[in-house]
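The values are calculated or read from the model by the stated rules, or taken from the named source; none is laboratory data. In this text the structure is predicted, and so the values were computed from the model without any measurement. Methodologically, a virtual Cβ is constructed for each residue, glycine included, from the backbone with ideal geometry; neighbour enumeration extends over all protein chains shown. Accessible surface areas use protein heavy atoms only, side chains included; no ligands, DNA or RNA. Shrake-Rupley method; radii C 1.70, N 1.55, O 1.52, S 1.80 Å.
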Amino acid sequence: MPRTLFLLCGEPSGEAYAARVARAFRERFPGVPMEGIGSSLLEGEGVKLLRDYGDISVMGITEVLKHLPAIRSALAAAKERVCRPDIGAVVLVDFPDFNFRVGRVAGERGVPVIYYIPPQVWAWRTGRARTLARFARGAVVLFPFEEELLRGYGVNARFAGHPLLEELAPVLDAPAEPARFGIPAGKTVVGLLPGSRPGEVETHLPTLLSAARRIAERRPDVHFALPVARPALGEKIAKAVAGCGIPISLVGEERHRLFRCMDAAIAVSGTVTLELALLGVPSVIVYRTSWVTYRIAKRLAKVRSVGLPNIVAGEPFLPELLQDEFTPAGVAEALGGILGDPARREALQGRCLSLRALLRGAGPTGAVVDMLATEAASAWA
């Protein structure tokens, strides 16, 4: 029997990438068993779940402390599983604070480890690059500049394009179809994206809705659209939106086709801001975390911007409102500056679309499977 491939991810965007790796791996190595930590998406690709990541998908120091028992339990289970002799290789996807601990244990036992989307050492905690070089046989990175940087630390790194371009390929140039989502014709569509984690929704959604009310008062032509990132968040979001007094559509499926309908968005910092940009949607980027987490992150960070489109572009062309600046009035003003100036909105849209050329490549999913074929060939024989 071929040995098992173990995949580990900790949040929705990482799971989407892991699922494509699982699908491509299964096509290339049919019959090889796969296990991992994920949710229903990964399970749908034939991966037997060791744990669901729902209880461990948190960000920030104080947020992690609240979920520490669940995190410790999942970490212990993952470490124990990757050390068994029937494991042929491990693919770690993003989620660095958890995945590094699992990767080190697997690497010490001689298990081939491929890290897909390793930690952003260019932003902070550069020392992790040396640790990565010690336990990973290879790494597939998101941005071109990461390949050279990590190779300088001895990591077998490869840039093969950003996985979002693979994911978005069917809709990159699709027409806007607002009627598909029950959005009235002729409306200016503004997306509200409060995050994909329960804690992010609780923190950001009230301010987003307050800002939306201000915008609706000034712009009666605006219709809001809120994609529900995870089904488990649907009830929480529906309760928050009920009676909010603004024209809004909650959408649970085809989120990327919904993005194509948006004229602008207010989005929590994360992968979604780059998704929006690649689809030509300028956004106001927002984020709020605990005071302790923010102060530590600000002290350690080596980048001026937090929004991925701004980082890729090399300059903050999209507005960012963080912590105390993230207020209903501030958000309404920033979005109004985009919607109220057609020439500026068109220029921002062009800058967003220009990021596609910077992030194209041969294909990162195939690069991960190629590394598995090279670094763990005997496991799949």
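Quick look at the numbers
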quantity: When residues of the stretch 287-331 are limited to those that are in a loop (DSSP other than H, G, I, E, B), open to solvent by less than 40 Å² (accessible area, probe 1.4 Å) and at pLDDT 90 or above, the one farthest from THR271 (Cα to Cα); calculated: PHE326
quantity: Any pair with Cβ under 7 angstrom, 6 or more apart, that starts in the stretch 1-25 at a residue that is without any contact (Cβ under 8 Å) to a residue 60 or more places away in the chain and ends at one that is in a helix (DSSP H, G or I) and not β-branched (Val, Ile, Thr); calculated: ALA19/LEU41; ALA19/LEU42; ALA22/LEU42
quantity: Residue in the stretch 110-118 that is closer than 14 Å to PHE6 by Cα, touching a strand residue (DSSP E or B) at 6+ places or on another chain (Cβ under 6 Å), of a type outside the set (Val, Ile, Thr) and part of a helix (DSSP H, G or I) present; calculated: no
quantity: Failed condition for ALA179, given (1) in a helix (DSSP H, G or I); (2) among the aliphatic types (A, V, I, L, M); (3) farther than 17 Å from VAL93 by Cα; (4) open to solvent by less than 60 Å² (accessible area, probe 1.4 Å); calculated: (4)
quantity: Criterion (open to solvent by less than 30 Å² (accessible area, probe 1.4 Å), under 21 Å from the mean Cα position of the chain (by Cα), in contact (Cβ under 8 Å) with a residue 60 or more places away in the chain and closer than 30 Å to GLY280 by Cβ) met by exactly one of ALA160, ALA174; calculated: ALA160
quantity: Residues satisfying the stated conditions in the stretch 119-134, i.e. surrounded by fewer than 20 Cβ atoms within 10 Å (Cβ to Cβ) and not in a loop (DSSP other than H, G, I, E, B); calculated: ARG128, ARG130, THR131, ALA133, ARG134
quantity: Lone unmet requirement of (1) under 24 Å from the mean Cα position of the chain (by Cα); (2) buried (at least 21 other Cβ atoms within 10 Å of the Cβ) for ILE215; calculated: (1)
quantity: Strands (runs of 3 or more DSSP E) contained entirely in the stretch 1-61, each with at least 3 residues that are open to solvent by 30 Å² or more (accessible area, probe 1.4 Å) and in contact with a helix residue (DSSP H, G or I) (Cβ under 9 Å, 6 or more places away or on another chain); calculated: 47-52
quantity: Residue count for the stretch 342-381, restricted to those that are touching a residue at least 12 places away in the same chain (Cβ under 8 Å), part of a helix (DSSP H, G or I), basic (Lys, Arg) and open to solvent by 50 Å² or more (accessible area, probe 1.4 Å); calculated: 2
quantity: Residue match in the stretch 195-208 (condition: buried (at least 22 other Cβ atoms within 10 Å of the Cβ) and in a strand (DSSP E or B)); calculated: no
quantity: Of residues in the stretch 135-157 being of a type in the set (A, V, I, L, M) and open to solvent by less than 50 Å² (accessible area, probe 1.4 Å), the one farthest from ASN310 (Cα to Cα); calculated: ALA136
